[in-house]
Amino acid sequence: MQKFVYLFTEGNAKMKNLLGGKGANLAEMTGLGLPIPQGFTVTTEACNQYYADDEKLSKDMEKQIFEALKEIEKIQDKKFGDIYDPLLVSVRSGAPVSMPGMMDTILNLGLNDDSVLGFANRTNNPRFAFDSYRRFIQMYSDVVMEVPKSEFEKIIDEVKESKGIKSDLELDVDDFKLLIKKFKKIYKDAIGEEFPQDVKVQLLGAVRAVFRSWNNPRAIVYRRLNDISSDIGTAVNVQAMVFGNKGETSGTGVAFTRNPSNGKKGIFGEYLINAQGEDVVAGVRTPEPIDKLKKDLPECYNQFVLFASMLEKHYRDMQDMEFTIEEGKLYFLQTRNGKRTAQAAINIACDLVDEGLITKDEALLRIDAKSLDQLLHPKFNEDALKKGKVIGEGLPASPGAAAGKVVFNAEEAKKLGVGGQGEKVILVRLETTPEDIEGMVASQGVLTVRGGMTSHAAVVARGMGTCCVSGCSDIKYNEEKQEFELGGKIYHAGDEISLDGTNGVIYDGIIETEEASVTGNFAKIMKWADEVRTLGVRTNADNPRDTKNAIRLGAEGIGLCRTEHMFFDEKRIPKIREMILADSTEAREKALKALIPFQKEDFKAMYMELKGLPMTVRYLDPPLHEFLPHTDDEIKELAKDMKIDPDTLKQKVADLHEFNPMMGHRGCRLDVTYPEIARMQTRALMEAAIEVKNEKGYDTTPEIMIPLVGDKKELDFVKDIVVETAEEVKKEYNSRIKYHIGTMIELPRACVIADQIAESAEFFSFGTNDLTQMTFGFSRDDAGKFLDSYYQNQIYEFDPFQRIDENGVGKLVTLGVKLGKKTRPDIQLGICGEHGGDPASVEFCHKAGLTYVSCSPYRIPIARLAAAQAAIKGRKN
Ligand code: PEP
Ligand code: MG
């Protein structure tokens, strides 16, 4: 018979996967001789079996649960459901990875109309006993039977009102008896049965409810956000109750061995005298700092401190502990490695190395790479945030905090914002277009009604480190009136809002922000990471400012310079438009010629910042009509500039319309139809590289990257143009500069024929944004609209545009790597999709044998740490 239930005396900390974190640690603490109310754990395997059996507990499980209960009765010397001295238990969830507050808990289980009398007698405290019983009915009804909590709260308020009292503390035993009667009626009305008096029925109901809570919506969301698999399941811990609400020598609290905000060593926590744990968590009463326990119950405090430090040494990490004191006796109810901010994680990891408790490798593994985001962007002052009024939510597209005045277009942002009048502005758009780029630079933050995590706004904002909340579909946006409605208020230009890009939340008014600081320990951790990682880390950048920033954060070069971003400037866009709308090759060449100096100047500025670090330059990629004017006014203005009839221009714009632009005339297809584009870009790049090399002596070996290649011949066609032009420029300059020509691998076909492509391509860079889009067959800009239903229904556990889909897209990458290396064993392999800055995807890239990842500047430290973690994990396996 499979063992589904373990007594605390049977387990240990190593059995986390089977017993969950809480169960394994309760067992470990029992083994260490700490004061633990005894109990047992129903395993995660039982949870998975429960789901496999259509949400039923098997007879075996039930039998083992009651056998274990018998053992607990013996240890605690009490009987479950007894009418003289009943054993009461708590039933709590505990997954292998801690998911605080996401699943359910039931306390005081084992009370019924009879046992409550025994409990009252035994404790000599009828008020306490009946209060416990009414709390249990309330919790059981809510958690197990899903009767809304509010119905019970309403009754409590009515009773208090009829007595003219304000606080629960003023309710007496008769009030609780009355409440119990009323609560039972609510239960019967809702469920159609009496409240269960059989304590065994209560226990099984509670175990089922905890298993069920593994799949409640908030647990599903939490797992997605924290990369936790839905397969692991939760364990259930059934533990003898101890009571912190038995009077002035009882209490309950939560404490950490180090400060979870800044990592400072020393007991940090809160407690409440005469209270049950839920009072602390639910905030019904305001807890006292733990120091007060020193005065109230010094012996308990000293004992607690001693055990806490013992636990920290034992686990070699900061502990987060729950405790209860019952009539002067201390019990531990839980210990776990405490959750902490990124700053605290870094400080604690460094301190633990100094204290000799952990190695540098362990220190690196202790820090959640994703959390470093918190350290790299301005953040809200926490006290100010607590008081903020939330008006809406969207996607956390680019982390950070921003507060400022609403503007509705890029022009206004430029006029009022950074580089203009210097005010703090938030750009609010239906969606962003390439022309908004300058407005984005001038803004503190960007809010869009449409667009996903890899939408233009999101990619660009992350690149610039600008806070962005995208896809807030609750906004009623009125472009014409220049206003939007959100959270019941209409906002006009100049009204103030704040954005939390880390969590995707929008606030009314200004919330104070603080500059991000990079501490000494942060730098230390980064140095340790660089010592162990084997994967290179480059950045996606297309202007000197981002380049400089990325190098400051540790980038080893540019893995993706998206050249189209260089044309969004107001001086250049008319030239691009002329080029697109030109009738003849000559006219197109003329317009392109005018762009060469701009493009060359940009490349030179980039090479100056790079000082010899490599740069992969990706040739023009987006569908051309993205550059075109949209409104009648814009068309009129451009027609005037181009000296053509507005209607002719309008017709041309209409002709360029594509039904599916992402699969349309873009990428290398542009160079195939307009070779002069590749010619212009090659000339600008080669001239820039040669001049910088000549002037400064920097190594500037251009890496020319052709996008969206799906066929070797297609690449060869463009490559011939590039080589011809590059050689021409070299001759003109009498230069022997080297250059490399490679391609993006972002079409499934390219992965499948990568061996053929590698015959012409000297390097690959996996464009996993497009590769994901093309493999799944859904648009990177629109998928956000329906992916939520996929998470809710557990079809997908995470957004494949954020974390690489190893099962599908990953296999294509692996195939591309294998075939590429077959043809060209020393081929340079990078990734430049958004996945390059996602820790789980970075680990995949390490395992896949890539040369480097490339990500937006503010994700560089994350990628460095994630690459180090992948290397350490790889060594262990
Ligand atoms: C990609 O497709 O992954 C990529 C990096 O290119 P872009 O996002 O510019 O399409
Ligand atoms: Mg792409």
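For the range 749-762, the condition holds for no residue, the condition being that it is touching a Phe, Trp or Tyr at 6+ places or on another chain (Cβ under 7 Å) and open to solvent by 20 Å² or more (accessible area, probe 1.4 Å). The number of residues in the range 719-748 that are part of a helix (DSSP H, G or I) and either open to solvent by less than 10 Å² (accessible area, probe 1.4 Å) or not charged (D, E, K, R) (or both) comes to 8.
Based on what the data block shows, is Thr700 outside any helix (DSSP H, G or I), within 16 Å of ligand 1 (Cβ to nearest atom) and hydroxyl-bearing (Ser, Thr, Tyr)? Spelling it out, it is not the case that Thr700 is outside any helix (DSSP H, G or I), within 16 Å of ligand 1 (Cβ to nearest atom) and hydroxyl-bearing (Ser, Thr, Tyr). Of note, Tyr858 satisfies the criterion of being crowded, with 24+ Cβ neighbours inside 10 Å, away from ligand 2 (no atom under 16 Å from the Cβ), modelled with pLDDT under 95 and of a type in the set (Ser, Thr, Tyr). Figure legend. Inter-residue proximity from the range 251-274: first residues aliphatic (A, V, I, L, M), second residues surrounded by 23 or more Cβ atoms within 10 Å (Cβ to Cβ), beta-carbon distance below 7 Å, spacing 6+ or different chains. Indicated pairs: Val254/Gly269; Ala255/Gly269; Ala255/Met321; Ile267/Thr257; Leu272/Gly251; Leu272/Thr252; Leu272/Gly253; Ile273/Gly251. The set of residues in the range 824-848 that are of a type in the set (Asp, Glu) and within 21 Å of the chain's Cα centre (by Cα) comprises Glu834, Asp838, Glu843.
All conditions in (1) within 30 Å of Lys611 (Cα to Cα); (2) among the β-branched types (Val, Ile, Thr); (3) within 16 Å of ligand 1 (Cβ to nearest atom); (4) open to solvent by 10 Å² or more (accessible area, probe 1.4 Å) hold for Ile706, with the sole exception of (4).
Screening the range 302-322 for residues that are among the polar types (S, T, N, Q) and more than 25 Å from Glu362 (Cα to Cα) and picking the one that is least open to solvent (accessible area, probe 1.4 Å) gives Gln303. Right, Glu626: within 16 Å of ligand 2 (Cβ to nearest atom), assigned to a helix (DSSP H, G or I) and either among the charged types (D, E, K, R) or in contact (Cβ under 8 Å) with a residue 60 or more places away in the chain (or both) or not? Considered against the rule, which asks whether it is within 16 Å of ligand 2 (Cβ to nearest atom), assigned to a helix (DSSP H, G or I) and either among the charged types (D, E, K, R) or in contact (Cβ under 8 Å) with a residue 60 or more places away in the chain (or both), Glu626 comes out as yes.
Filtering the range 382-406 to residues that are open to solvent by 30 Å² or more (accessible area, probe 1.4 Å) and either under 22 Å from the mean Cα position of the chain (by Cα) or closer than 18 Å to Ser841 by Cβ (or both) leaves Glu382, Leu385, Lys386, Val390, Glu393, Leu395, Pro396. Entry remark, the range 683-702: residues being of a type in the set (S, T, N, Q) and either open to solvent by 30 Å² or more (accessible area, probe 1.4 Å) or free of Cβ contacts under 8 Å to residues at least 60 places away in the same chain (or both) number 2 in total. Note on the range 159-170: residues that are modelled with pLDDT of 90 or more and hydrophobic (A, V, I, L, M, F, W, C) amount to 1. Checking each residue in the range 539-562 for being in a helix (DSSP H, G or I), closer than 19 Å to Val853 by Cα and in contact (Cβ under 8 Å) with a residue 12 or more places away in the chain picks out Asp546, Thr547, Lys548, Asn549, Ala550, Ile551. For the range 764-784, a residue qualifies if it is surrounded by fewer than 24 Cβ atoms within 10 Å (Cβ to Cβ), more than 10 Å from ligand 2 (Cβ to nearest atom) and touching a residue at least 12 places away in the same chain (Cβ under 8 Å), and the qualifying residues are Thr775, Phe776, Ser779, Asp781, Asp782, Ala783. Among the residues of the range 30-49, those identified as farther than 19 Å from Glu73 by Cα, surrounded by 24 or more Cβ atoms within 10 Å (Cβ to Cβ) and either touching a Phe, Trp or Tyr at 6+ places or on another chain (Cβ under 8 Å) or of a type in the set (D, E, K, R) (or both) are Thr43, Ala46, Cys47. Scanning the range 571-623 for residues that are in a helix (DSSP H, G or I) and of a type in the set (S, T, N, Q), we see that the one that is nearest to Asp770 (Cα to Cα) is Gln599. So which of Glu362, Glu326 ends up being open to solvent by less than 40 Å² (accessible area, probe 1.4 Å), closer than 27 Å to Gly20 by Cβ and among the acidic types (Asp, Glu)? Glu326 is the lone residue from the list that is open to solvent by less than 40 Å² (accessible area, probe 1.4 Å), closer than 27 Å to Gly20 by Cβ and among the acidic types (Asp, Glu). Could you go through the range 563-572 and let me know if any residue there is open to solvent by 10 Å² or more (accessible area, probe 1.4 Å) and under 18 Å from Lys652 (Cα atoms). Scanning the range 563-572, I find no residue that is open to solvent by 10 Å² or more (accessible area, probe 1.4 Å) and under 18 Å from Lys652 (Cα atoms), so the answer is no. Taken over the range 820-843, the criterion of being surrounded by fewer than 22 Cβ atoms within 10 Å (Cβ to Cβ) and farther than 16 Å from Gly559 by Cβ is satisfied by Lys821, Lys822, Thr823, Arg824, Pro825, Asp826, Ala840, Glu843. Selection of the range 260-279 for residues being modelled with pLDDT under 85, under 18 Å from Arg135 (Cβ atoms) and open to solvent by 20 Å² or more (accessible area, probe 1.4 Å) yields Gly277, Glu278. For the range 588-630, a residue qualifies if it is within 16 Å of ligand 1 (Cβ to nearest atom), open to solvent by 40 Å² or more (accessible area, probe 1.4 Å) and at pLDDT 90 or above, but none of them does.
The values are calculated or read from the model by the stated rules, or taken from the named source; none is laboratory data. As the structure is a prediction and not an experimental result, all values here were calculated from the model. Cβ: placed from backbone, ideal geometry, glycine included. Neighbour counts: every protein chain shown. We work out accessible area using only protein heavy atoms, side chains counted, and drop any ligands, DNA or RNA first. Shrake-Rupley method; radii C 1.70, N 1.55, O 1.52, S 1.80 Å.
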